[in-house]
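What follows is a set of notes on a single structure, which appears directly below.
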Amino acid sequence: MPAVPEPWTLRDYAFIADGERGALIGPRGEYVWMCAPRWDSDAVFGTLIGGGGSYTVSPTDPFVWGGYYESGSLIWRSRWVTTSGIIECREALAFPGRADTVVVLRRIEAIRGDARLHVRLQPTAEFGRLHMRDIRRDDARGCWSANVGPLRMRWSGAAEAQIAGDTAAERSLEATVVLSEGESADLVFELSDRELPDRPLVAPQVWSDTEKAWAAAIPSLGPTAAPRDAVHSYAVMRGLTTSSGAMVAAATMSLPERADEGANYDYRYAWIRDQCYAGIAVAADGPHELVGTAVHFVSERLLADGPNLRPAYTGAGDTVPKQRRLDLVGYPGGYDLAGNHVRDQFQLDVFGEALLLFAAAARHDMLTTDSRRAIDVAVDAIDANIDRPDAGIWELDERRWTHSRLSCAAGLRAVAAAGIDRDSGRLSTLADHIVADTSSRCLHPTGRWQRAADDERVDASLLLPALRGALPGRDPRSVATYRAVQRDLSRDHYVYRYPPRRGLGTSDSAFLLCGFLMALAAQQQGHTVEAYRYFERNRSGCGTPGLFSEEYDIRQRQLRGNIPQAFVHALMFEASSTLARSTPDDMKGMRDGWIDER
């Protein structure tokens, strides 16, 4: 086993999280990514992008890998079939997590036959620049302690481990675990930016607390088209949601969308738009916790920043840091980049998405006094900025993007229809004006929406105005846009955001969010068979552990970009819930056969 884990294809990484941070686990039992103590902190396990730090539990015999999540949780079981037996390693972060302390739980189990595994722990600080120091063993308690940069660590369950490595940079704790069939061993790794409690944690109790907390966090869902995947997506979204209510966009940074083209970013922050998508999606099923957390976080940011609302914030609600390079090798095909340029952008559509979120919450009587005040702030911001160029949903150059304006119209109509604003007439009038003005500027000669007045291309985001109620689904503009996306941006029922430079299926990858939007749009257009085709095709675009990234390379069948991507899991959840409400007449078409409805 190499001392430093080598990079792996993204589709085979599992993800565990506790709300305050998350970790990626590879097929060889290697933790290659975890930032601590918070999502946007420096990595303590950073070999994913060429940094330092890892934590590996791996069989010594040759093996083939598999794994699965325990239902309704982010408790992962790495499973290895070796030449002499079967071994599982139960993996979790103690849930719910504390903002200052991460607790990594690993329980090794000899399922069949005897087990022999090598264990190696090498945490670092500042992406690998600072290493363990003051390493000491507490013989009385059977644990190890050390300092890792500004962090304090403790490792229990490996009292027989030895210090390995000739230099500070190579220093690690290593052990061999030998188990007879039916036996298990617990490893508990604690890491904090504060002094740890005097006594080590008791593994069975922490496991029990984590199991109970996950059971309480995942609600009973209504009918869904893909029940197991819907529950899993809810668990992923919950794992990405902090105690502040912020849902980070993804756990990782610097994973490239396209090799060597600079399309890699830091997604360890909470995008207002993504948070609204998640809240709206979950509200499609019921009044669940993630609706309330989204309403709380978005309301808080609107009331604090008003028309200066930023597109994204840290998990604690602070300003996203500026972009910076880290002088690391990077994931193959990408490069290291921390922080995000979105901090300096204006995105108009987030105000419309916020209104759509509040209207969805109102249907379940989940609005608060603060969220009602935030509605007024969002409406005023739309009124004052509707003609202001913005970066848009894809965060490009500033233009008067069609999607941004129609999203605002949809939000205004939703709030007016919900009757939660004292002046619904004003909202409807403003929405009518926006749609009419946008139609006069941004309607393509073929009758579909185009990206902007000066950009006649079609864009999959233009499916959203009809889905969210800016105009009816059967409006000729909606129908023409649906058909154009189907004709020009779909390939084998995957969907691209907009026409890529070199043609579909070449340099760019399909955008999974758009594939699930197309499933919803097909259902809205009355094409249930096509809706299920898009849904099932994009549902298959996940990795082995059922995680979605932002993009999917349909030629190589590989995940691209940061993982797990919250808004993809959100739209998969919404599509699953919406398609399950198909009427008997809709379903008759499916029973009669797969008919090409184009």
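The values are calculated or read from the model by the stated rules, or taken from the named source; none is laboratory data. Bear in mind the structure is a predicted one, so any value in this text is a computation, not a measurement. So basically every Cβ, Gly included, is an ideal-geometry build from the backbone, and we count neighbours across all protein chains shown.
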Checklist entry - Considering only helices (runs of 4 or more DSSP H) fully contained in the range 390-504, which possess at least 1 residues that are under 27 Å from the mean Cα position of the chain (by Cα)? => result 402-418, 464-468, 476-488
Checklist entry - For the subset of the range 83-95 comprising residues that are surrounded by fewer than 19 Cβ atoms within 10 Å (Cβ to Cβ) and over 30 Å from the mean Cα position of the chain (by Cα), which member is nearest to Ala217 (Cα to Cα)? => result Ile86
Checklist entry - Yes or no: Asp380 in contact (Cβ under 8 Å) with a residue 60 or more places away in the chain, part of a helix (DSSP H, G or I), within 29 Å of Arg21 (Cβ to Cβ) and not hydrophobic (A, V, I, L, M, F, W, C)? => result no
Next on the checklist: Where the second residue is modelled with pLDDT of 95 or more and assigned to a loop (DSSP other than H, G, I, E, B) and the first is polar (S, T, N, Q) and lies in the range 179-204, which pairs have Cβ atoms under 8 Å and are six or more apart or on separate chains?
Outcome noted: Ser180/Asp114; Ser192/Pro37; Ser192/Asp100
Checklist entry - Of the numbered conditions (1) more than 22 Å from Asp40 (Cα to Cα); (2) modelled with pLDDT of 95 or more; (3) loosely packed, with under 13 Cβ neighbours inside 10 Å, Arg194 satisfies every one except a single condition; which is it? => result (1)
Checklist outcome for this item: Within the range 319-340, residues being surrounded by 16 or more Cβ atoms within 10 Å (Cβ to Cβ) and in a loop (DSSP other than H, G, I, E, B) number 12
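Conditions (1) part of a helix (DSSP H, G or I); (2) more than 14 Å from the chain's Cα centre (by Cα); (3) at pLDDT 95 or above; (4) among the aromatic types (Phe, Trp, Tyr), marked per residue:
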position: Gly245; (1), (2), (3), (4): no, yes, yes, no
position: Pro256; (1), (2), (3), (4): no, yes, no, no
position: Asp260; (1), (2), (3), (4): no, yes, no, no
position: Ala263; (1), (2), (3), (4): no, yes, no, no
position: Gln275; (1), (2), (3), (4): yes, no, yes, no
position: Ala278; (1), (2), (3), (4): yes, no, yes, no
position: Gly286; (1), (2), (3), (4): no, yes, yes, no
position: Val291; (1), (2), (3), (4): yes, yes, yes, no
position: His296; (1), (2), (3), (4): yes, yes, yes, no
Item to check | Options Gly561, Gly526; residue that is surrounded by fewer than 24 Cβ atoms within 10 Å (Cβ to Cβ), small (Gly, Ala, Ser) and touching a residue at least 60 places away in the same chain (Cβ under 8 Å) | outcome: Gly526
Next on the checklist: Name the single residue that is nearest to Ile16 (Cα to Cα) among those in the range 38-56 being outside any strand (DSSP E or B) and in contact with a strand residue (DSSP E or B) (Cβ under 6 Å, 6 or more places away or on another chain).
Outcome noted: Leu48
Checklist entry - So which of Leu130, Leu151 is modelled with pLDDT of 95 or more, over 24 Å from Arg90 (Cβ atoms) and in contact with a Gly (Cβ under 8 Å, 6 or more places away or on another chain)? => result Leu130
Item to check | Filter result for the condition that a residue is touching a strand residue (DSSP E or B) at 6+ places or on another chain (Cβ under 9 Å) and either surrounded by 14 or more Cβ atoms within 10 Å (Cβ to Cβ) or not assigned by TED's automatic domain parsing to the domain that holds Tyr269 (or both), over Arg363, Arg343 | outcome: Arg343
Item to check | Residue that is surrounded by the most Cβ atoms within 10 Å (Cβ to Cβ) [pool: residues in the range 414-473 that are over 24 Å from Asp383 (Cβ atoms) and small (Gly, Ala, Ser)] | outcome: Ala460
Checklist outcome for this item: Of all strands (runs of 3 or more DSSP E) fully inside the range 136-205, the set with 3 or more residues that are in contact with a Ser or Thr (Cβ under 9 Å, 6 or more places away or on another chain) and of a type in the set (A, V, I, L, M, F, W, C) is 143-148, 151-156, 184-192
Item to check | Identity of the residue in the range 346-360, assigned to a helix (DSSP H, G or I) and in contact with a strand residue (DSSP E or B) (Cβ under 9 Å, 6 or more places away or on another chain), that ends up farthest from Arg310 (Cα to Cα) | outcome: Asp349
Checklist entry - Phe127 is checked against (1) in the same structural domain as Gly46 (by TED's automatic domain parsing); (2) at negative phi; (3) touching a residue at least 40 places away in the same chain (Cβ under 8 Å); (4) under 33 Å from the mean Cα position of the chain (by Cα) and fails just one. What number does that condition carry? => result (2)
Checklist entry - Within the bounds of the range 409-428, is there any residue that is touching a Pro at 6+ places or on another chain (Cβ under 7 Å) and free of Cβ contacts under 8 Å to residues at least 60 places away in the same chain? => result no
Checklist entry - Can Glu574 be described as crowded, with 24+ Cβ neighbours inside 10 Å, under 20 Å from the mean Cα position of the chain (by Cα), at pLDDT 95 or above and not hydrophobic (A, V, I, L, M, F, W, C)? => result yes
Checklist entry - Looking only at residues in the range 205-236 that are hydroxyl-bearing (Ser, Thr, Tyr) and more than 17 Å from Phe516 (Cβ to Cβ), which one is farthest from the chain's Cα centre (by Cα)? => result Ser208
Checklist entry - Any idea which of Gly26, Gly53, Gly66, Gly46 is surrounded by fewer than 24 Cβ atoms within 10 Å (Cβ to Cβ) and small (Gly, Ala, Ser)? => result Gly66
Next on the checklist: Can you find a residue that is touching a Pro at 6+ places or on another chain (Cβ under 8 Å), touching a residue at least 24 places away in the same chain (Cβ under 8 Å) and either more than 30 Å from Gly50 (Cβ to Cβ) or outside the structural domain of Trp271 (by TED's automatic domain parsing) (or both) anywhere in the range 348-355?
Outcome noted: yes
